[in-house]
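Take a look at the structure set out below.
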Amino acid sequence: NYRIASNGRIAVELYRLHRPRLILMDVSMPEMNGFEATAAIRLDEDGTGMRTPIVGVTAHALKGDREKCLDSGMDDYLSKPISPNKLGEKIDAWIGKEEKQALRA
């Protein structure tokens, strides 16, 4: 299942309602950008012991953009345009990691 948010405020609301296993966060959203939405989500998670993987998605592929995403609290980064293969690899890397840990437990 997936949900699509038209802005960062809605992204945070959807996070609070559905607690997804992975978030693909567009950096340049209206109302609340991806960095602000990530900060709000991380604040919600603070003290819970939970951390939802957030992959920053941006059209900016300049040097330093990946680091900006990671420094903002995101866990990974994808630059646009996104190929289906790259998207699948990122999803497998984060969701697959969770499933492998569950199998070991």
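Every number in this text was worked out from the coordinates using simple rules, so none of it is lab data. Computed from a predicted structure; not experimentally measured. Quick reminder, even Gly has a Cβ in these numbers, built from the backbone with ideal geometry, and neighbours come from all protein chains shown.
The order of ARG9, ARG3, going from fewest to most other C-beta atoms within 10 Å of their C-beta, is ARG3, ARG9. All Cα-Cα distances of the chain, cut into 10 Å bins from zero to the largest, leave 15, 48, 33, 5, 0 percent in each bin in turn.
The lysine pair tally for the stretch 8-104, using Cα distances under 23 Å and a gap of 8 or more places or different chains, is 10. In percent, rounded to a whole number, the relative contact order of the chain is 23, using alpha-carbon pairs under 8 Å and six or more apart.
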